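The values are calculated or read from the model by the stated rules, or taken from the named source; none is laboratory data. Bear in mind that the values here come from a model prediction, so they are computed numbers and not experimental data. All Cβ positions, glycine included, derive from the backbone under ideal geometry; neighbour counts span all protein chains shown. Protein only, heavy atoms only, side chains kept; ligands, DNA and RNA dropped before computing areas. Shrake-Rupley method; radii C 1.70, N 1.55, O 1.52, S 1.80 Å.
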Amino acid sequence: MREKILNNKTVLFIGLKNCKNSSRALNFLESLGCNVTPVLNRSRSEAIDKRVLNYKGDFIFSYRCYWRIPIEVINRTRIAAINFHPGTPDYPGSGTFSWALYNKNETFGVTVHLMNEKIDNGEILNVYRFKIDENYDLKKLINVTYEFSLEAFITFVSELNDKSFKDLKIFLKG
């Protein structure tokens, strides 16, 4: 039986402090046998944690992160730096929820992409979508998206974990 990709890999997990889904995503990574360095941020105004700036390892998973990760950190990541953006590719950055409602989009979702020097700009690995109910207001869309983000995270990471390194050419650098 082939060893799972994430088993014994070093992972920097960036999530949101006091967020139940960040905790669940972190626990999921640990259950897969990852050697996880968890960094939980609180707000946009919080200075970037030194553990992020000094990180050198196999993967970065940015789940709920307000920081722009420096390109030097991304480049030191051996396999992949992956962001889970709460929004579709139509709406990178902030304000994504409001734009989807303003434009009366029928669907919304989570974009999983490789990280680069720009915000929400890297190569898209997958987009997970759900239907927007016509009765959703901003608060409801945000809450549904955050719940859906955990599902997308677990699905994507599970699929990643089942691949061989040969199958991961898209993630490999160089």
Working only within the range 125-140, note down all residues that are at pLDDT 95 or above and open to solvent by less than 40 Å² (accessible area, probe 1.4 Å).
-> Tyr128, Phe130, Ile132
Within the range 80-92, is there a residue that is under 14 Å from the mean Cα position of the chain (by Cα) and assigned to a helix (DSSP H, G or I)?
-> no
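Restricting attention to the range 41-73, which residues are of a type in the set (Lys, Arg) and closer than 12 Å to Met115 by Cα? Quick ask: steps written out before the conclusion?
Quick first cut of the range 41-73, residues of a type in the set (Lys, Arg) only: 42, 44, 50-51, 56, 64, 68.
Result: Arg68, single match.
If I go through the range 108-124 residue by residue, how many of them are over 15 Å from His85 (Cβ atoms) and exposed (fewer than 12 other Cβ atoms within 10 Å of the Cβ)? Explain how you work it out, then say what you get.
Pass one, the range 108-124, residues over 15 Å from His85 (Cβ atoms): 117.
Next cut, exposed (fewer than 12 other Cβ atoms within 10 Å of the Cβ) only: none.
Adding up the residues that qualify gives 0.
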The range 18-57: number of residues that are open to solvent by 60 Å² or more (accessible area, probe 1.4 Å) and assigned to a helix (DSSP H, G or I) = 8
Given (1) outside any loop (DSSP other than H, G, I, E, B); (2) open to solvent by 50 Å² or more (accessible area, probe 1.4 Å), where does Gly15 come up short, assuming only one miss?
-> (2)
Please go through the range 106-148 and pick out each residue that is closer than 22 Å to Glu159 by Cβ, assigned to a helix (DSSP H, G or I) and of a type in the set (A, V, I, L, M).
-> none
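Would you confirm whether or not the range 61-69 contains a residue that is within 14 Å of the chain's Cα centre (by Cα) and of a type in the set (S, T, N, Q)? Break it down stepwise before answering.
Going residue by residue through the range 61-69, those that are within 14 Å of the chain's Cα centre (by Cα) are 61-69.
The next check asks that each one be of a type in the set (S, T, N, Q); those that pass are 62.
Yes, some residue in the range 61-69 is within 14 Å of the chain's Cα centre (by Cα) and of a type in the set (S, T, N, Q).
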Assess whether Thr96 counts as being surrounded by 13 or more Cβ atoms within 10 Å (Cβ to Cβ), under 21 Å from Glu147 (Cα atoms) and at pLDDT below 90.
-> yes
